[in-house]
Amino acid sequence: MEGSSLPVPCPEGKLCASPALEQPCLAGYTCAISTFQLDKPCPGGRYCPEGTALGRELACPSGRFCVEGS
């Protein structure tokens with residue numbers, strides 16, 4: 001926001017080194033809103049494609065086994 005002194009939050013599912021350097025969260029990890037580092041590995045039994053926001057992990061497909069960090 002122009003003229004504002006408030007920090008600009010990094011969107012969910014993004015990793016932001018700075019507000020100008022926004023990239024998708026890496027596959028196998030989740031990124032919460034306003035994160036400047038990887039939040040945590042994707043939990044076992046779930047998988048996290050690139051850009052996964054914290055709490056939006058996908059269920060492991062039927063017949064597959066997904067380890068932590070999948």
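Here, each number is a calculation from the coordinates, and none is a lab measurement. Remember, it's a predicted structure, so these values are computed and weren't measured experimentally. Cβ coordinates were reconstructed from backbone atoms using ideal geometry, including for glycine residues, and neighbour counts include every protein chain displayed.
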Query raised in the report: At Arg56 and Ile33, where each label point lies 7 Å from the Cα along Cα→Cβ, what is the point-to-point distance in nanometres?
Result: 1.2
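At a 10 angstrom cut-off on C-beta neighbours, averaged per residue, how do the peptides 51-64, 20-33 rank from highest to lowest? Present the calculation step by step, with values, prior to reporting the outcome.
Values: 51-64: 13.1, 20-33: 16.2.
Listed from highest to lowest mean packing, they are 20-33, 51-64.
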Report task. Distance from a point 7 Å along Cα→Cβ of Phe65 to each backbone N in region 12-53: keep the residues under 12 Å and list them by number. Result -> 45
